[in-house]
1. From the set of residues in region 170-204 that are among the polar types (S, T, N, Q) and in contact with an Asp or Glu (Cβ under 9 Å, 6 or more places away or on another chain), which is most open to solvent (accessible area, probe 1.4 Å)?
2. Before we move on, is Arg518 of a type in the set (D, E, K, R) and either at positive phi or touching a Ser or Thr at 6+ places or on another chain (Cβ under 7 Å) (or both)?
3. Please go through region 441-469 and pick out each residue that is at positive phi and open to solvent by 40 Å² or more (accessible area, probe 1.4 Å).
4. If I ask for residues that are in contact (Cβ under 8 Å) with a residue 24 or more places away in the chain and not hydroxyl-bearing (Ser, Thr, Tyr), which ones from region 420-434 would you list?
5. Could you figure out which of (1) in contact with a Gly (Cβ under 8 Å, 6 or more places away or on another chain); (2) touching a residue at least 60 places away in the same chain (Cβ under 8 Å); (3) in a helix (DSSP H, G or I); (4) not acidic (Asp, Glu) isn't true of Tyr510?
6. Looking only at region 267-286, count how many residues are open to solvent by less than 10 Å² (accessible area, probe 1.4 Å), touching a Phe, Trp or Tyr at 6+ places or on another chain (Cβ under 6 Å) and without any contact (Cβ under 8 Å) to a residue 40 or more places away in the chain.
7. Checking Leu472 against (1) open to solvent by less than 40 Å² (accessible area, probe 1.4 Å); (2) farther than 19 Å from Leu373 by Cα, which test does it fail?
Amino acid sequence: MAAVELEWIPETLYNTAISAVVDNYIRSRRDIRSLPENIQFDVYYKLYQQGRLCQLGSEFCELEVFAKVLRALDKRHLLHHCFQALMDHGVKVASVLAYSFSRRCSYIAESDAAVKEKAIQVGFVLGGFLSDAGWYSDAEKVFLSCLQLCTLHDEMLHWFRAVECCVRLLHVRNGNCKYHLGEETFKLAQTYMDKLAKHGQQANKAALYGELCALLFAKSHYDEAYKWCIEAMKEITAGLPVKVVVDVLRQASKACVVKREFKKAEQLIKHAVYLARDHFGSKHPKYSDTLLDYGFYLLNVDNICQSVAIYQAALDIRQSVFGGKNIHVATAHEDLAYSSYVHQYSSGKFDNALFHAERAIGIITHILPEDHLLLASSKRVKALILEEIAIDCHNKETEQRLLQEAHDLHLSSLQLAKKAFGEFNVQTAKHYGNLGRLYQSMRKFKEAEEMHIKAIQIKEQLLGQEDYEVALSVGHLASLYNYDMNQYENAEKLYLRSIAIGKKLFGEGYSGLEYDYRGLIKLYNSIGNYEKVFEYHNVLSNWNRLRDRQYSVTDALEDVNTSPQSTEEVVQSFLISQNVEGPSC
């Protein structure tokens, strides 16, 4: 009993000691730096808790101090709190550290290999932290400095280091939408891989191929992304870091989703979520990464309600780790905004969706330039929401203002997409389709038709005749012909085509079928085909009953608390389905 009573005393004494050191911070500053890293960090965290951000900033802006604090690995989530608070306070600690590291690397260019190797290791940890925190430009500067050091010695160890550096550099360039530079980074990594191979050495390619998959996915090169995700899966072996395994599974799942390989996607992402939670814990940013991709899967298989819940859980984690004005928080807001918009589409209650869309845009514009590609999707989501609010608005002046704002957002998104991807790209096609819908709401029917046809043509050539994205655009053009242009014969053909694709991909209970069924009921009423009106009323009633039964029980988070398969079994199952033999895990 006495031991239990005494259990609290060391913690209290320790906290009292930390507080005493902080109270005498100015006199003790030099001595604090000689403390073990865990204790040193606790002193700095107390400064953060007391709001003494100027003093904390002066400490963290010194590279030696911050490099030591980074060694306190069990305090990393608290370090993110402090770091974000400094950035929000206007202390440019990320850029100061990146600049300091870059200068150090230039100073030691003539030093021996051991000094450079130590600097590279410091750079990997510093750049990794900045990358994890979402400060991609500063992380890129750090990794470029590391890569420069690697090139100074034409030796095998530095080839391995260069490959690792390229993987990290590719990741931050993907995160910052620098896809052209990302492609150059991948090619550079391959040259070092080839050098190693000529000397009988092999570096594991899983992380590199996973990052290439992410790059190709972002550019909507879905066939190529799928091909490289298979190559990444083949590289998953025993002893690979869990983070790498989780990231490869995530990327492979997303590649499967857009190829409409939903069973494979489900197996991969559920195991990634399980692994991340089991290894990193339920409050770790890596777990939130997997949840966002799980939400993406659920949204695409039409389990919209559960996707909203998963996106909210991911946002909660990111806000607890990073606070408010962080790029990771912004992307979670955007994903939640879009899923909420889809979820509430039939109810017309878009307040929550609009809040998250505006939060995403506000954070991104605070951190990044106004022409950054990350703004394209956030602006697109807000524009979609504003259009629906405008349609339901009873005040004509307000309606016109909202539609004009939506129009400006869509045009801005389209220009950003065309600049990044060109005309012939799925993302560009989506923006054309969105403009088509908006022009319909603005009663500019010829412009709407032009936009929808453009979207369909691009999507069909890139994705095939029976893709989900094609069905969306076909359904929207059908709606235009049916409700506003009285082209009933064309509308009927398009509705039936959209329905056929939706049922083939998602089954009889697919949510998008409702709008096609209602469109057909209106169409047949207009042309006096009341037998068909009766038929599709029955079809819609059956659809409603099916929807009531669908997804009524499953809790998506409960569903991933355990995994029925090991990582090796998941990998082998995927590769066997591709008729590919993979290495043993």
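The values are calculated or read from the model by the stated rules, or taken from the named source; none is laboratory data. In this text, all values refer to a predicted model and were calculated from it rather than measured experimentally. Cβ placement follows ideal geometry from the backbone for every residue including glycine, while neighbour counts extend to all protein chains displayed. Protein only, heavy atoms only, side chains kept; ligands, DNA and RNA dropped before computing areas. Shrake-Rupley method; radii C 1.70, N 1.55, O 1.52, S 1.80 Å.
1. Taking region 170-204 and keeping what is among the polar types (S, T, N, Q), we get 174, 176, 185, 190-191, 201-202, 204.
Filter once more, keeping what is in contact with an Asp or Glu (Cβ under 9 Å, 6 or more places away or on another chain): 174, 176, 185, 204.
Values: Asn174: 21, Asn176: 16, Thr185: 5, Asn204: 64 Å².
Ranking the candidates gives Asn204 first.
2. On the way: of a type in the set (D, E, K, R): yes; either at positive phi or touching a Ser or Thr at 6+ places or on another chain (Cβ under 7 Å) (or both): no.
Considered against the rule, which asks whether it is of a type in the set (D, E, K, R) and either at positive phi or touching a Ser or Thr at 6+ places or on another chain (Cβ under 7 Å) (or both), Arg518 comes out as no.
3. The initial filter retains those residues of region 441-469 that are at positive phi, namely 443, 464.
Selection gives Arg443 alone.
4. Here is the first cut: in region 420-434, the ones in contact (Cβ under 8 Å) with a residue 24 or more places away in the chain are 420-421, 423-434.
Ala420, Phe421, Glu423, Phe424, Asn425, Val426, Gln427, Ala429, Lys430, His431, Gly433, Asn434, listed by residue number.
5. Evaluating Tyr510 over (1) in contact with a Gly (Cβ under 8 Å, 6 or more places away or on another chain); (2) touching a residue at least 60 places away in the same chain (Cβ under 8 Å); (3) in a helix (DSSP H, G or I); (4) not acidic (Asp, Glu) leaves (3) as the failure.
6. Restricting attention to region 267-286, the residues satisfying the condition of being open to solvent by less than 10 Å² (accessible area, probe 1.4 Å) are 268-269, 271-273, 276.
Next cut, touching a Phe, Trp or Tyr at 6+ places or on another chain (Cβ under 6 Å) only: 269, 273, 276.
Among the residues that remain, those that are also without any contact (Cβ under 8 Å) to a residue 40 or more places away in the chain are: 269, 276.
Residues that pass the stated criteria total 2.
7. (1)
Residues checked against (1) more than 30 Å from Arg277 (Cα to Cα); (2) in contact (Cβ under 8 Å) with a residue 24 or more places away in the chain; (3) more than 33 Å from the chain's Cα centre (by Cα); (4) not in a helix (DSSP H, G or I):
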residue	(1), (2), (3), (4)
Gly502	yes, yes, no, no
Leu520	yes, yes, yes, no
Val533	yes, no, yes, no
Leu540	yes, yes, yes, no
Thr562	no, yes, no, yes
